[in-house]
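Working notes, beginning with the structure itself.
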Amino acid sequence: MTESVNELREVRVMHHIILIGFMGCGKTTIGKALSAYYQWEIIDTDKLIEDMQKQSVSEIFAEHGEEFFRRLETEVLEKLDKELNKPCIIATGGGLPLCEENRRLLKKMGDVVYLNVDAGIVYQRLKNDTTRPLLATSDPQLKINEMLAKRMPVYEQTASFIIDTNNKTITEINKEISGKINSIKFETT
Ligand code: S3P
C-alpha cells in the first residue's frame with residue numbers, strides 16, 4: 001500500500017483530494033484521517049478565510065453578509081490553485097461548490113469527494129452548534145432539510161465520486177476514499 005501511495009504522489013503531483021458536502025458531514029474529521037494516511041497537509045477553506053479576515057465565519061456573516069463570505073471562498077480557492085506546490089487534502093465549506101467558478105476550480109484541482117450524509121444525522125450533530133450562521137433559525141431541522149435537498153444535485157455534479165457516510169466509522173470511510181483514489185490512479189496511468 002505504501003508503495004502505491006508513493007507512486008500516486010509522484011504520478012499525480014498537484015492532484016489534491018478535495019472534500020465537499022453539507023455542514024456536519026465530517027469533512028474536517030475525515031480530512032484529518034486522510035491527511036494522516038497520505039501524510040499530506042490538510043487545508044480547511046473556512047479556517048483560511050478566518051485567518052485572512054481575522055474574524056470567525058459567524059462574525060464575517062454578521063458584519064459583511066453571506067455574499068461577501070462567498071467572494072472570500074472564491075478568492076481562497078483561486079489562491080490555493082495558484083500557490084499550492086504539493087498535493088494536499090482540502091476540506092471545503094459546505095456552500096463553496098454553489099458558485100460555478102468554484103466548481104470549475106474544484107474539478108481542475110483534484111479528485112472531488114462528496115461526503116453524503118442524511119439530514120437527520122446533520123441535525124443531531126449540529127443542534128447545539130453556534131458556529132453555523134445559516135442554521136441560526138427558529139427551525140434548524142427544516143432549514144437543514146431544505147438546504148440539503150437544494151444542494152444535493154450541486155454536490156453530485158461536482159463530485160468525482162460520492163461516499164455515503166451514514167452509519168460508517170471514520171476508518172471505513174477513510175478506507176473507501178483511499179481505495180477509490182488509488183484505483184483512479186491505476187485507471188489513468
Ligand atoms: C456553510 C458551511 C460552513 C461555513 C459557513 C457556510 C454553508 O462550513 O463555510 O458557515 O453554506 O454550508 P462547514 O461545511 O465546514 O460547516
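The values are calculated or read from the model by the stated rules, or taken from the named source; none is laboratory data. Remember, predicted model here, so these are calculated numbers, not experimental data. Cβ sites come from the backbone with ideal geometry, for glycine too, and all protein chains shown count toward neighbours. The protein model used for the area step is the full one, side chains on, heavy atoms only, and it has no ligands, DNA or RNA in it. Shrake-Rupley method; radii C 1.70, N 1.55, O 1.52, S 1.80 Å.
Assess whether residue 125 counts as being open to solvent by 60 Å² or more (accessible area, probe 1.4 Å), closer than 16 Å to residue 30 by Cβ and within 12 Å of the ligand (Cβ to nearest atom). Walk me through it before giving the result.
Values: open to solvent by 60 Å² or more (accessible area, probe 1.4 Å): yes; closer than 16 Å to residue 30 by Cβ: yes; within 12 Å of the ligand (Cβ to nearest atom): yes.
Against the criterion (open to solvent by 60 Å² or more (accessible area, probe 1.4 Å), closer than 16 Å to residue 30 by Cβ and within 12 Å of the ligand (Cβ to nearest atom)), residue 125 qualifies.
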>> Given the options 101, 156, name the one that is of a type in the set (D, E, K, R) and farther than 24 Å from residue 49 by Cβ.
In response: 156
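For the condition open to solvent by 30 Å² or more (accessible area, probe 1.4 Å), at pLDDT 95 or above, under 30 Å from residue 39 (Cα atoms) and among the hydrophobic types (A, V, I, L, M, F, W, C), what is the one hit in 163, 170?
On the way: 163 fails: open to solvent by 30 Å² or more (accessible area, probe 1.4 Å).
None of the other options fit; the residue is 170.
Would you confirm, using the coordinates I've provided, whether residue 49 is part of a helix (DSSP H, G or I), open to solvent by 20 Å² or more (accessible area, probe 1.4 Å) and β-branched (Val, Ile, Thr)?
On the way: part of a helix (DSSP H, G or I): yes; open to solvent by 20 Å² or more (accessible area, probe 1.4 Å): no; β-branched (Val, Ile, Thr): yes.
For residue 49, the condition - part of a helix (DSSP H, G or I), open to solvent by 20 Å² or more (accessible area, probe 1.4 Å) and β-branched (Val, Ile, Thr) - is not met.
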> Which one is nearest to residue 87 (Cα to Cα), of the residues in the stretch 21-46 that are of a type outside the set (Ser, Thr, Tyr) and near the ligand (Cβ under 9 Å from one of its atoms)?
Replying inline: 44
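Pull up the stretch 52-84, narrow it to residues that are outside any helix (DSSP H, G or I) and without any contact (Cβ under 8 Å) to a residue 24 or more places away in the chain, then point me to the one that is farthest from residue 98 (Cα to Cα). Explain how you work it out, then say what you get.
Looking only at the stretch 52-84, we keep the residues that are outside any helix (DSSP H, G or I), and these are 54-56, 65, 84.
With without any contact (Cβ under 8 Å) to a residue 24 or more places away in the chain added as a condition, the list becomes 54-55, 65.
On the way: 54: 24, 55: 22, 65: 16 Å.
Filtering first and then ranking leaves 54.
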> Going through the stretch 73-100 one residue at a time, which ones are open to solvent by less than 20 Å² (accessible area, probe 1.4 Å) and either over 21 Å from residue 31 (Cβ atoms) or near the ligand (Cβ under 10 Å from one of its atoms) (or both)?
Replying inline: 73, 91, 92, 93, 94, 95, 96, 97
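A quick yes/no check of all residues on (1) of a type in the set (Asp, Glu); (2) closer than 20 Å to residue 158 by Cα:
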position	(1), (2)
53	no, no
61	no, no
67	yes, no
81	yes, yes
97	no, yes
